[in-house]
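See structure below.
The values are calculated or read from the model by the stated rules, or taken from the named source; none is laboratory data. The structure displayed is predicted, hence computed values, not measured ones. Note that we place each Cβ from the backbone using ideal geometry, even for glycine, and neighbour counts take in every protein chain shown. Quick note on the areas: whole protein, heavy atoms, side chains included, nothing else; ligands and nucleic acids left out. Shrake-Rupley method; radii C 1.70, N 1.55, O 1.52, S 1.80 Å.
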Amino acid sequence: MQINKNQLLSLGLSLAVFIILAFLYTQTKLLDGLEYGAVNFRFYLRDPSEKAVKLQEGVKMSRKNPRSRDDIIILGIDENTIREFDNEGIKWPFPWSYHAKFTRYVGSGYPKAMFFDVMFLDHKPYEEDFAKAIKEANCVFLDYPFETEEVDVKYSDIDERMRILDIYSFPVDPNDTSMPWVEEAVPPTPLLSQAAIGLGFANIRPDADHVNRKVPLVIKYKGKYYPSIDLLIVMHYYGITKKDVSISMGKHIKLSNIPKEKMAKPTPDNSISIPIDDEGFMDINFIGGPGSFTHYPYYYFCRDGKIQNTSLKDKIILIAAYASTGISTDIHKSPYGDLFGIEHHANALNTILNQDFILKFTTWQNILILFVIALLLGFTLNQVSIVISVAFTLGLTLFYIIGSYLLFDMFNIITIFASPIIQVGTTFSIIIAYRVLTEQQEKKYIRQTFSKFVSKTVVDELLKHPDKLKLGGDKKILTVLFSDIRSFTTISEKMTPEELVEHLNEYLQAMTDLVFKYDGTLDKYVGDEIMAFWGAPIPQDNHALLACKCAVEMMQVLEQLNKRWVQMNKPALHIGIGINTGEMVVGNMGSASRMDYTLMGDNVNLGARLEGTNKQYGTGIIISEFTYEHVKDHVIARELDLVRVKGKQLPVKIYELIDVKD
């Protein structure tokens, strides 16, 4: 496949856009906001949740998100709870005696885990009672914060708190050379910490656009890895211990020896690999907006007695602020907008337990996508019409958008999104602008170059299909015609220069009009001689017949002109015409400052010699045997002779063209 200059420039422009975008994508943060927004867009399209419908005052009917697990339940400290307790004179934060009562009641339902996303950092009344309730439930997890700045005033019992917390730590991966991004841990009170079956941090760290899309599962701190509350709950749910967990930063956290019946998607080795980045963050596969998980008010369960059914048995119970008023809010942005902090944890747990992990293309895989798009656009946009280019560009854009969304919806795969769309639009605009400019120049060149020696029909065809015009030399089977005035010198001596020019111009105009009438190309005038050809620049299957028709009508028109000239006392003109068909070189020939679209070759010379041969045989039009073979079924011709010409080893048979049958 040959590639012309315009195609190379088109490819070069496309690759230039690719290089610029690849640099911006890998070396700057200019495109990060757009890519973050594109991730949100894919989540938004996938959201199957429906808003709650209000039935009457205080009563709403909501539909659980089908992607949420049945065993994750939020018991939220919501507006109803705040209002109910306020009526009893109880203000937030609630006395720990209420938390103790709540814990005993919920614990009587034998849940798999209870997670208080409420910080119990300070010593308060009823601490012992609350600790006792936690111990009796034997399923309570407490969280704590990692501070990103050093705490000025530390708790007096911080060493004891850290000693308890260290029980849950993991050894650091020897290959991990990263620097910690936290400064200090602040665990719960020692009494509560010892009563709980797990202590995990609950930190999040939003992206640059302030949207939280990830959760750290481990944090490196003082030479150890500390697990998040979500990771500890998952380990407890699967019934595995620290020895069943291996951590490879930048790769995965592998959980081994998991009972098959507890796996959403069983694996041959009974293990799950949770993908994490270099800092231990896992992408959360959010399932929907607010209210996606089963949730009930906290106050329903803050009572004495025991649960008499199995509604909470083996469930993961999440307890946290679930109100936007009347309580210190714990709200963070997600791809679906604002969510309560506990809903971020619920989505993280849902992601791990369902094994619905987000899989992101690597930087190099995304660069490869941009490169392939660059090649597609570079090779295609200059090959087809602008209309087809628009359709191709729109089709490619839609294909990529739909394909990227389907990869995300069906396989949880996130690819680069916004950058390829920008690339397609930018590349299309630049290449089409370049094409418009170059095509205008090309059309101007065609008009200036060919309108002088081809018919308007041929020029219009060249403008529609410039590819039919191959600049430079090209070998083709063509037909050439030469015509010359007999005894022109004698005629010129009898006329003044002005009369001669006027007389000659009238003749040349009439003959040229006939060349154009039969879609021929006027090569040149050499004094009174006319040279024309057929078959280029527009291919013509019947080029030989068109030349013969033109020659016959030339004789007829000249006869009419002679009658009028004789009446005007002007000399009559007599011409001879030679026609030959064969392989010739056609193209732009000349110097850098002056070029002509013309013919070269022995077959051109033969046409010129046939024109002069008319004198010897007293004929008007002579065609070669090569032309005759192309037109013999359409013309009336008489065989004349065999002649030997320069450049031909064998003699050439010649014919007198008398008329055209049709």
**Q.** Selected residue [open to solvent by less than 30 Å² (accessible area, probe 1.4 Å), farther than 30 Å from Leu8 by Cα, in contact (Cβ under 8 Å) with a residue 60 or more places away in the chain and among the small types (Gly, Ala, Ser)] from Ala374, Ala320
**A.** Ala320
Q: Please specify each residue of the range 395-408 satisfying the condition of being open to solvent by 50 Å² or more (accessible area, probe 1.4 Å) and under 12 Å from Phe357 (Cα atoms).
A: none
Q: Looking only at the range 67-94, count how many residues are crowded, with 16+ Cβ neighbours inside 10 Å, under 50 Å from the mean Cα position of the chain (by Cα) and part of a loop (DSSP other than H, G, I, E, B).
A: 5
Q: Could you please tell me which pairs satisfy a Cβ distance under 8 Å, a separation of 6+ or placement on different chains, a first residue in the range 25-46 that is closer than 17 Å to Ile284 by Cβ, and a second residue that is of a type in the set (Lys, Arg)?
A: Tyr36/Arg213; Val39/Arg213
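Could you list all residues from the range 37-66 that are assigned to a helix (DSSP H, G or I) and either open to solvent by less than 50 Å² (accessible area, probe 1.4 Å) or at pLDDT 95 or above (or both)? Walk me through how you get there before you give the answer.
Our first condition is that a residue be assigned to a helix (DSSP H, G or I); within the range 37-66, this holds for 37-46.
The answer is Gly37, Ala38, Val39, Asn40, Arg42, Phe43, Arg46.
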Q) Looking at Lys549, is it closer than 22 Å to Tyr655 by Cβ and touching a residue at least 40 places away in the same chain (Cβ under 8 Å)? A) yes
Q: Answer yes if at least one residue in the range 309-316 is assigned to a loop (DSSP other than H, G, I, E, B), out of contact with any Phe, Trp or Tyr (no Cβ under 8 Å at 6 or more places or on another chain) and either open to solvent by less than 30 Å² (accessible area, probe 1.4 Å) or among the acidic types (Asp, Glu) (or both), and no otherwise.
A: no
Q.
I'm trying to understand the selection: among the residues of the range 383-397, which are within 18 Å of the chain's Cα centre (by Cα) and over 21 Å from Leu31 (Cβ atoms)?
A. Ile388, Ser389, Val390, Ala391, Phe392, Leu394, Gly395
Q) What number of residues within the range 1-25 are open to solvent by 60 Å² or more (accessible area, probe 1.4 Å) and of a type outside the set (A, V, I, L, M)? A) 4
(Q) Whether any residue in the range 223-246 is closer than 30 Å to Glu35 by Cβ and open to solvent by 10 Å² or more (accessible area, probe 1.4 Å) is what I want to check. (A) no
